[in-house]
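The values are calculated or read from the model by the stated rules, or taken from the named source; none is laboratory data. In this text, all values refer to a predicted model and were calculated from it rather than measured experimentally. So basically every Cβ, Gly included, is an ideal-geometry build from the backbone, and we count neighbours across all protein chains shown. Just so you know, the surface numbers come from the protein's heavy atoms only, side chains and all, with ligands and any DNA or RNA stripped out. Shrake-Rupley method; radii C 1.70, N 1.55, O 1.52, S 1.80 Å.
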Protein chains: 2
Amino acid sequence: MTAQAESIIRTIMASEAYGKAYATLAAEHDRTVEDIVALTQIAAPSFQEETRARTFLAMAEAHGLKQLEIDAEGNVTGLRPGIGNGPLVCVAAHLDTVFPAGTDLTVRREGTRLCAPGVGDDTRSLAVLLAWLRAMDAAGVQTRADLLFVADVGEEGPGDLRGMRHLFQKGPYKDRISAFITVDSPDMEHIATGGVGSKRYRVTFNRPGGHSYGAFGLVNPMFAMADAVTRLGRVSVPANPRTTYSASVTGGGTSINSIPNSVWTDFDLRSESPAELARLEATFLDLLAQSVAAENAARSTRNGAVATEIVKTGDRPAGHTDETGDLAQLAHAAIDAHGFHPSFETSSTDANIPMSLGIPAIKIGSGGSGGRAHSLEEWIDVTPEPSIRGMAAGLATVLAVAGLV
Amino acid sequence: MTAQAESIIRTIMASEAYGKAYATLAAEHDRTVEDIVALTQIAAPSFQEETRARTFLAMAEAHGLKQLEIDAEGNVTGLRPGIGNGPLVCVAAHLDTVFPAGTDLTVRREGTRLCAPGVGDDTRSLAVLLAWLRAMDAAGVQTRADLLFVADVGEEGPGDLRGMRHLFQKGPYKDRISAFITVDSPDMEHIATGGVGSKRYRVTFNRPGGHSYGAFGLVNPMFAMADAVTRLGRVSVPANPRTTYSASVTGGGTSINSIPNSVWTDFDLRSESPAELARLEATFLDLLAQSVAAENAARSTRNGAVATEIVKTGDRPAGHTDETGDLAQLAHAAIDAHGFHPSFETSSTDANIPMSLGIPAIKIGSGGSGGRAHSLEEWIDVTPEPSIRGMAAGLATVLAVAGLV
């Protein structure tokens, strides 16, 4: 931590405005929990964020944000103006979850624990943005920078960061954002300064199909696909730089008594390192070819051979924010000053896009604790003290970056 | 063909009763075509055969069948008594089709061709049973055996032969049927004497899921499933007795960036031989366990281990009818004497159930020609001469087996 960053944070935390803001976060904590519950229970699969976006917009309306609107891509954006002529600092949380329409999103409370799909990733952060707005309003906070609040679409897998791509590359705030903070998931112990790159593929294995009994002995696309998945499962990847893969979603087939005409799997490949990601991608494409060749050799191709249709469905750029720069240092100092011990990490979030464009960007946590993200057993804990302290740490970061007047 | 069978058929075909019956089939052919059209246009997906069953029962009412009724499973059954103290010969056709509710069943006529889903498999055969009843009544046919006419439910895939299971294992005719003839689809060139057995499974691979990047290293149900499919693809099965397998339909997964919670595959195992089918099934169940164990050994189970949920979705017994026995020989001689050149085959039909119980059972054709069964382009041809000749061949078979008095 630089002494300058520590000093800025100390000054902020000693200010009357910060004190009032903290008291408001504490006093309104129950309301924040209610907001988490209400927003969690609105389904928001990637590409179907609209209902949740409208609700968030309505909840944000009390705070006098300028140009509060849903942009052409579906992001909710609203500006809290600074004192004038300052830079533009963007604070974001994502609307979408990984859970398909129809998932039971009822929030189950077990003491201070809230259990529901998406509750921590990233719905809690949406409620935290609202809590920050309430706290800033109550404390009469003024900042040098304009603060752009964004509840964005398309952070999760299939969304492929479409909300961020629009914000930084097409929308009205394009070329105006000088720093970016995304609030994503409860974890306060990590600040993401590295953006994990990912390559995503839908691979469809086709041809020729036939009756499961009458045509037995013909190549079966399902065997080729299974072989590819099995080969992928045996690939060795480095723990550092962290590199991962998953066979995630699958489907296809005609009927129980048919050799399938077509089956597909979605694959997710990631790495902190562009070089390792490129190596894993090459290995993956190579094993697809091997699996198809093996199936075409194992069974008859007299009615046609198995072939693949390989579609790249996601391509998230890797990126990096200088850990010694102001943004990372202020976040580190603010979070540390609130009793956490954050380390810098690499992850795949909305921050990848600004990072890849050279704009300082970080991901911070929403406070409290949580776990099992992306599973039906996802949970967060909303015990007031650590939750409020976490939110205050994030708010101090925002105030420091935007410049508390 | 045995000389005895040929002699019996020659005698029948020379009889006055057969001559009158043949003339009636010819004179009433237009009505038979109308019956085909009317019945085809009544939807009858497996498990939803009731409306068609009631209509068939109403159409059969003119023929003085005894105990004409819909049994507890949904089969229409009616008895045409023989002269007394004879055996019970069952003649069946199935009510159900593979087409889901809502399929357009309008019969399109193109000259002598009727096009509609289910028209040949097996609706034409239902009309042929009615045509036989009319012909026997008109000719005053008396048989030694009682003839049980059955329009049965659940022959197609998901029905899993439930109509036949009830008839042979539970209903009032249980233990009384000494020979069984099912009329299924127009093809006169094959007589099924072998029943392919099948075992069908939906196997779901569950738990524990998680983030594809954050939770990398946890067991992935998709890898276990792929490994099971791959292992199945390497299983060696005999060409004779013909034994087959397929991984047919698959699905599951949460999102591209999640280790799936749950994925499933439908498997189809078949054999002409009960022993080979049992061996294949045991191998299959064993490899499922191996694949799950391998995945749980290959990656971390700290958040739970992969487990399978194995549901048997189909279980058709294999069986065989002696081709040198009376039933097969009489059918062969009768069909051959009408200008066809039938060969014996193995298939999967209602006859599987009696075959598996050691009761002589065959499948014969309903006459005429047809094609594209199980597709929306299904068709039959009702050109009178070959259609009537085909029906007469089937009727001669029935009269020979039941004993024309």
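A few remarks follow.
- Checklist (1) β-branched (Val, Ile, Thr); (2) away from chain B (no Cβ under 14 Å); (3) assigned to a helix (DSSP H, G or I) applied to residue A:181, failing item: (3)
- Checked against (1) under 24 Å from residue A:240 (Cβ atoms); (2) away from every other protein chain (no Cβ under 14 Å); (3) open to solvent by 60 Å² or more (accessible area, probe 1.4 Å); (4) touching a strand residue (DSSP E or B) at 6+ places or on another chain (Cβ under 7 Å), residue A:286 passes all but a single condition, namely (4).
- Filtering A:116, A:58 for residues that are open to solvent by 30 Å² or more (accessible area, probe 1.4 Å) and under 24 Å from residue A:388 (Cα atoms) leaves a single hit, A:58.
- Condition met for residue B:237 (part of a helix (DSSP H, G or I), open to solvent by less than 60 Å² (accessible area, probe 1.4 Å) and hydrophobic (A, V, I, L, M, F, W, C)): no
- For beta carbons closer than 8 Å, sequence separation of 6+ or different chains, a first residue in segment A:26-40 that is at negative phi and a second that is surrounded by fewer than 16 Cβ atoms within 10 Å (Cβ to Cβ), the qualifying pairs are A:26/A:384; A:29/A:384.
- Residue tally, condition of a type in the set (Ser, Thr, Tyr), part of a strand (DSSP E or B) and under 15 Å from residue A:197 (Cβ atoms), over segment A:330-367: 2
- Exactly one residue out of B:145, B:101, B:139, B:151 is more than 15 Å from the chain's Cα centre (by Cα), touching a residue at least 40 places away in the same chain (Cβ under 8 Å) and either open to solvent by less than 10 Å² (accessible area, probe 1.4 Å) or within 14 Å of chain A (Cβ to nearest Cβ) (or both), and it is B:145.
- Only listed residue being part of a strand (DSSP E or B), farther than 26 Å from residue A:254 by Cβ and open to solvent by less than 10 Å² (accessible area, probe 1.4 Å), chosen from B:89, B:128: B:89
- Odd one out for residue B:66, checked against (1) under 28 Å from residue B:333 (Cα atoms); (2) basic (Lys, Arg); (3) in contact with a strand residue (DSSP E or B) (Cβ under 7 Å, 6 or more places away or on another chain): (1)
- Qualifying residue in segment B:144-165 (condition: assigned to a helix (DSSP H, G or I), of a type in the set (Lys, Arg) and in contact with a Gly (Cβ under 7 Å, 6 or more places away or on another chain)): yes
- Per the conditions (1) surrounded by fewer than 20 Cβ atoms within 10 Å (Cβ to Cβ); (2) touching a strand residue (DSSP E or B) at 6+ places or on another chain (Cβ under 7 Å), the sole criterion not satisfied by residue B:270 is (1).
- One residue from A:239, A:224, A:282, A:278 being of a type in the set (Gly, Ala, Ser) and under 25 Å from residue B:269 (Cβ atoms): A:224
- Within segment B:232-245, the set of residues being at the interface with another protein chain (Cβ under 9 Å from one of its Cβ atoms) and either within 14 Å of residue B:197 (Cα to Cα) or basic (Lys, Arg) (or both) comprises B:234, B:242, B:243, B:244, B:245.
- Hits in segment B:296-311 (condition: of a type in the set (A, V, I, L, M), within 14 Å of chain A (Cβ to nearest Cβ) and in a loop (DSSP other than H, G, I, E, B)): B:306
- Restricting attention to segment A:347-356, the residues that are within 14 Å of chain B (Cβ to nearest Cβ) and under 13 Å from residue A:181 (Cβ atoms) total 2.
- Elements of type helices (runs of 4 or more DSSP H) in segment A:1-77, at least 2 residues being at pLDDT below 95: none
- Given (1) open to solvent by 20 Å² or more (accessible area, probe 1.4 Å); (2) in a loop (DSSP other than H, G, I, E, B); (3) of a type in the set (Gly, Ala, Ser), index of the condition residue B:370 fails: (2)
- Pairing residues of segment A:264-276 that are at the interface with chain B (Cβ under 8 Å from one of its Cβ atoms) with residues that are basic (Lys, Arg), at Cβ distances under 6 Å and at least 6 apart in sequence or on separate chains, gives A:266/A:202; A:268/A:200.
- Evaluating residue A:375 against the criteria (1) of a type outside the set (A, V, I, L, M, F, W, C); (2) under 20 Å from residue A:196 (Cα atoms); (3) modelled with pLDDT under 95 leaves one unmet condition, (2).
- Boolean, residue A:231 is touching a His at 6+ places or on another chain (Cβ under 8 Å) and in a helix (DSSP H, G or I): no
- Total residues in segment A:126-143 satisfying the condition of being in contact with a Gly (Cβ under 9 Å, 6 or more places away or on another chain) and among the basic types (Lys, Arg): the figure is 0.
- Within segment A:317-370, being free of Cβ contacts under 8 Å to residues at least 40 places away in the same chain and over 23 Å from residue A:275 (Cβ atoms) holds for one residue alone: A:325.
- Condition broken by residue A:379, with the remaining ones in (1) touching a residue at least 60 places away in the same chain (Cβ under 8 Å); (2) out of contact with any Leu (no Cβ under 9 Å at 6 or more places or on another chain); (3) within 14 Å of chain B (Cβ to nearest Cβ) satisfied: (2)
- Only a single criterion out of (1) open to solvent by 10 Å² or more (accessible area, probe 1.4 Å); (2) in contact (Cβ under 8 Å) with a residue 60 or more places away in the chain; (3) out of contact with any strand residue (DSSP E or B) (no Cβ under 6 Å at 6 or more places or on another chain); (4) at the interface with another protein chain (Cβ under 8 Å from one of its Cβ atoms) is not satisfied by residue B:254, namely (2).
- When residue B:173 is tested against the conditions (1) outside any loop (DSSP other than H, G, I, E, B); (2) under 26 Å from residue B:398 (Cα atoms), the lone failure is (1).
- Of all residues in segment B:194-223, those satisfying the criterion of being of a type in the set (Gly, Ala, Ser) and either at positive phi or more than 9 Å from every other protein chain (Cβ to nearest Cβ) (or both) are B:194, B:195, B:197, B:209, B:210, B:217.
- Residues of segment A:312-346 that turn out to be within 14 Å of another protein chain (Cβ to nearest Cβ) and open to solvent by less than 20 Å² (accessible area, probe 1.4 Å), as a count: 2
- Boolean, residue A:385 is among the charged types (D, E, K, R), more than 14 Å from chain B (Cβ to nearest Cβ) and out of contact with any strand residue (DSSP E or B) (no Cβ under 6 Å at 6 or more places or on another chain): yes
- Residues (among the β-branched types (Val, Ile, Thr) and more than 20 Å from residue A:151 (Cα to Cα)) located in segment A:317-374: A:321, A:324, A:335, A:346
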